[in-house]
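The values are calculated or read from the model by the stated rules, or taken from the named source; none is laboratory data. If you're wondering where the values come from, they're calculated on a predicted model, not measured in any experiment. The area values use the complete protein model at the heavy-atom level, side chains included, leaving out ligands, DNA and RNA. Shrake-Rupley method; radii C 1.70, N 1.55, O 1.52, S 1.80 Å.
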Amino acid sequence: MSPSKPARHVQTAYLALGGNLGDRSRLLTDALAALARAPHNRVTGVSPVYETKAVGVTDQPDFLNLVVRLETDLPPLALLELCLAIEQELGRVRRERWGPRTVDIDVLLHGDLSLHDERLTLPHPRMKERAFVLAPLADLAPDLRIGGESVRDLLARLGSSGVHRTDINLPLPA
Ligand code: GSY
């Protein structure tokens, strides 16, 4: 390896995907395929799909949400760029900050990294308050600890109001 290129390490990252416009299930499938196609990533887990009441601006259609586990050697900001590029490709238009969207991809965790960058904060700053994130994450990684507490315990404390596990299980993309 050239000395000018720092070694990249494979990390386990978790992403939250959600959308409430258009063909929600198809858009999640397309987002998964795009993540799997991208170099430096391997999708190793996909949670069941949840139908969830909108959080933030509540007067909008219900979302479909899921969480993905990736093995990635992309650094966090490169992973963020990839997520934004896939959102664009799938037609996301940012109309209002908390408003409806075709597909939203949030980086939740990147290994055990704690990061405070103007573009990205890790762990995701609001993930512990969102059942639409914790419920699918608990399906993939109940014992994962965030700030010293397991995802299972965080979800038990928060409760699962407004989130409903569907029988949609999207396959791991090839
Ligand atoms: O932060 C992701 C976009 N988003 C969602 C979402 O994905 N699911 C639900 N249920 N509510 C949301 N509000 C926002 S903003």
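For a bin width of 10 Å, list the pair-distance distribution of the chain built from all Cα-Cα distances, rounded to whole %.
With 10 Å bins starting at 0, P(r) equals 10, 39, 38, 10, 2, 0.
Using only Cα atoms, find the angle between the long axis of helix 76-89 and the longest principal axis of the chain, and express it within 0 to 90 degrees, rounded to the nearest 10.
Value to nearest ten degrees: 50.
Per the helix-only calculation at 222 nm, which mean residue ellipticity applies to the chain, given -39500 (n - 2.57) for every DSSP H run of n ≥ 4 and division by its residues, nearest 500 deg cm²/dmol?
Value at 222 nm, helices only, nearest 500: -8000 deg cm²/dmol.
Measure nothing fancy, just the Cα-based angle from helix 24-37's long axis to the longest principal axis of the chain, in degrees from 0 to 90, nearest 10.
10 degrees
Using a 1.4 Å probe and counting only protein heavy atoms, arrange Glu87, Glu129, Glu149, Glu118 so the residue with the most accessible area comes first. Write out the running numbers ahead of the final one.
Values: Glu87 10, Glu129 120, Glu149 55, Glu118 185 Å².
From most exposed to least exposed: Glu118, Glu129, Glu149, Glu87.
Among Ile146, Ile105, Ile86, determine the one that fluctuates most according to a GNM of the chain built with springs between C-alpha atoms less than 10 Å apart.
Between Ile146, Ile105, Ile86, it is Ile146 that shows the largest mean-square fluctuation.
Skipping prolines and chain starts, which residues have an amide H placed within reach, meaning under 5 Å, of the one on Gly45, given they are 5 or more residues away or on another chain?
The answer is Arg69.
Taking Cα atoms, how many degrees apart are the long axis of helix 131-140 and the longest axis of the chain, rounded to 10 and kept between 0 and 90?
60 degrees
For Tyr50, what accessible area in Å² do you get when you roll a 1.4 Å probe over the heavy atoms of the protein chains, rounding to the nearest 10?
Counting only protein heavy atoms, Tyr50 exposes about 10 Å² to solvent.
Under the 0.36 nm per residue contour assumption, what length would be gained going from the current alpha-carbon distance of Arg42 and Asn169 to full extension? All intermediate terms of the calculation are to be shown ahead of the outcome.
Working: separation 127, 0.36 × 127 = 45.72 nm, distance 1.83 nm.
Length gained between Arg42 and Asn169: 43.9 nm.
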